[in-house]
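Here the structure is laid out as structure tokens; the discussion comes afterwards.
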Amino acid sequence: MDHTFLRGSVHRRSVPTAVSPARPRESAHPAVDAPPQKRRNVAMPAVPHLRLLGACGLGLAALVPAGACGFHTTGEIQGSTDVWTSHSTASSSSSSSSSSSTSGSTTTTSSSSSSTSGAGGGTTGTGGGTTGSGGSDGGVVKYASCAERHEASPADPSGVYDLVPAGGPAYQAYCEMETSGGGWTLALKIDGNAGTFPYDSALWTDTNALAPDKPDLDLNEAKLASFWTIPVTALRLGMSEGGTTRWLELTLQGTSLRALMAGPELKTNAGVGAWEALLASGSIQTLCNWEGVNAAGRVRLGLVGDESGGCGSPDSVIGFGAQAGFGPPSGNYAYWFPDHGDRTTKTFGYVLVR
């Protein structure tokens, strides 16, 4: 299935994702395989003839045509707004300065599931400058997050925009401006078939960017500066499978997504059905059902299941950043009597913050 949305030269493409077949039930769950690891338009001055210049230099201006002793410049410097396309140059510096590790708390949790396909493009903001949140530089307003931009300009479409965090360099990130209130900033893209984002990867707790030149909602893994620079009040989680992306939203509080990951476990209460709805056919063991951030020490963002209530030996997970050997970095792994049968489903995952 291929849905293409056109805005200028921006294209939104479908997101295919392979789904691995379920493995037969075994006495203990098998290890999960993971492959190795613009332009200013300024006319030049019209230079008078050299003889006229000589006359001008001798103070004989009366002997030459009116205006010939002066220089005349035409044209003006024009502002520029680039449309993000595959050949655009991304200004995607990343900040490696450390941020606080203060983790927050969860209040309520809401979930939603919608079918969308592909990766969205859009109009980028004008770049440059290192002003703070919502500041301006030469008359160009700078925003630190998609939420700030959406609040100031709610008619802006979804797409890749320049963002300028306070005290840090500008970077680019996809902004979801039209769904669930808008103002969502892309932070992570995770390939369930790769081994980049297992639970113990430093990418979950450091301030190093991964592929900052891949800021769009596409099938390229990335970790953007929004991961450690934007305060979190909610997360929008997506899993792309078979060309369809399904979404779940969680209400969480934290100084940043990085701070949440580097902190202690933080439980949520979306419920089994909401997590299973991230997939075409999700499956989980019926007991334990431990969900949230760093859930049971087994998955960075997700739900853990067990055949016993104590969660002592879980054999199922749905989420992002599962332990290596326990589940894919994005997807669903389930054995030992899960509610909808055994699963080893690898998806392409998205994490957006607001």
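The values are calculated or read from the model by the stated rules, or taken from the named source; none is laboratory data. All values reported here derive from a predicted model rather than from experimental measurement. All Cβ positions, even for glycine, are placed from backbone atoms using ideal geometry, and neighbour counts span all protein chains on display. Remember, those area values only see protein heavy atoms, side chains included, never the ligands or the DNA or RNA. Shrake-Rupley method; radii C 1.70, N 1.55, O 1.52, S 1.80 Å.
Inspect all residues belonging to the range 290-301 and state whether any of them is modelled with pLDDT of 95 or more, open to solvent by less than 30 Å² (accessible area, probe 1.4 Å) and β-branched (Val, Ile, Thr).
Taking every residue of the range 290-301 in turn, at least one turns out to be modelled with pLDDT of 95 or more, open to solvent by less than 30 Å² (accessible area, probe 1.4 Å) and β-branched (Val, Ile, Thr).
Return the pairs, sorted by first residue and then second, in which the second residue is open to solvent by 50 Å² or more (accessible area, probe 1.4 Å) and among the aliphatic types (A, V, I, L, M), the first residue lies in the range 280-291 and is more than 17 Å from ALA270 (Cβ to Cβ) and outside any strand (DSSP E or B), the beta carbons are less than 9 Å apart, and the residues are 6+ apart or on different chains.
So the pair list comes out as ALA280/VAL19.
Among the residues of the range 240-265, write down those that are surrounded by fewer than 19 Cβ atoms within 10 Å (Cβ to Cβ) and of a type outside the set (Ser, Thr, Tyr).
Within the range 240-265, GLY242, GLY243, GLN253, GLY263, PRO264, GLU265 meet the criteria.
Every residue in the range 182-200 that is polar (S, T, N, Q) and open to solvent by 20 Å² or more (accessible area, probe 1.4 Å), please.
Correct list: ASN193, THR196.
State the number of residues belonging to the range 322-354 that are of a type in the set (Ser, Thr, Tyr), over 25 Å from the mean Cα position of the chain (by Cα) and surrounded by 22 or more Cβ atoms within 10 Å (Cβ to Cβ). Break it down into steps so the answer makes sense when it comes.
Filtering the range 322-354 for residues of a type in the set (Ser, Thr, Tyr) gives 330, 333, 335, 344-345, 347, 350.
When the remaining residues are screened for being over 25 Å from the mean Cα position of the chain (by Cα), the result is 335, 344.
Among the residues that remain, those that are also surrounded by 22 or more Cβ atoms within 10 Å (Cβ to Cβ) are: 335.
Result for the range 322-354: 1.
Kindly indicate the residue of the range 156-180 that is farther than 20 Å from ALA234 by Cα and open to solvent by 40 Å² or more (accessible area, probe 1.4 Å) and also modelled with the highest pLDDT among those meeting that condition.
PRO169
Could you tell me whether the range 175-183 includes any residue that is under 22 Å from LEU250 (Cβ atoms), part of a loop (DSSP other than H, G, I, E, B) and among the aliphatic types (A, V, I, L, M)?
yes
Which of the residues that make up the range 140-155 are in contact with a helix residue (DSSP H, G or I) (Cβ under 8 Å, 6 or more places away or on another chain) and surrounded by 20 or more Cβ atoms within 10 Å (Cβ to Cβ)? Show your work before the answer.
Keep residues of the range 140-155 that are in contact with a helix residue (DSSP H, G or I) (Cβ under 8 Å, 6 or more places away or on another chain), which gives 141, 143-145.
Those that are in contact with a helix residue (DSSP H, G or I) (Cβ under 8 Å, 6 or more places away or on another chain) and surrounded by 20 or more Cβ atoms within 10 Å (Cβ to Cβ): TYR143, ALA144, SER145.
Would you tally the residues in the range 292-309 being assigned to a loop (DSSP other than H, G, I, E, B) and on the phi < 0 side of the Ramachandran plot? Full working, then the answer.
Within the range 292-309, the subset assigned to a loop (DSSP other than H, G, I, E, B) is 296-298, 307-309.
Pick out the ones that are also on the phi < 0 side of the Ramachandran plot and you get 298, 307-309.
Of the residues in the range 292-309, 4 are assigned to a loop (DSSP other than H, G, I, E, B) and on the phi < 0 side of the Ramachandran plot.
Name the single residue, out of those in the range 209-265 being hydrophobic (A, V, I, L, M, F, W, C) and assigned to a helix (DSSP H, G or I), that is farthest from LEU301 (Cα to Cα). Can you show your working first?
Of the range 209-265, the ones hydrophobic (A, V, I, L, M, F, W, C) are 209-211, 217, 219, 222, 224-225, 227-228, 230, 232, 234-235, 237, 239, 247-248, 250, 252, 257, 259-262.
Going one step further and asking which of them are assigned to a helix (DSSP H, G or I), we end up with 227-228, 257, 259-262.
Values: PHE227: 14, TRP228: 16, LEU257: 11, ALA259: 13, LEU260: 10, MET261: 9, ALA262: 12 Å.
Out of the qualifying residues, it is TRP228.
Scan the range 310-321 for residues that are at positive phi and either outside any strand (DSSP E or B) or open to solvent by 10 Å² or more (accessible area, probe 1.4 Å) (or both) and report the count. Write out each step before concluding.
So the first thing to find is which residues in the range 310-321 are at positive phi, and the list is 311, 319, 321.
Subsequent filtering for residues that are either outside any strand (DSSP E or B) or open to solvent by 10 Å² or more (accessible area, probe 1.4 Å) (or both) retains 311.
Going through the range 310-321 one residue at a time, the tally reaches 1.
The conditions are (1) closer than 26 Å to GLY195 by Cβ; (2) surrounded by 23 or more Cβ atoms within 10 Å (Cβ to Cβ), and LEU279 fails exactly one of them. Which is it?
Unmet condition: (2).
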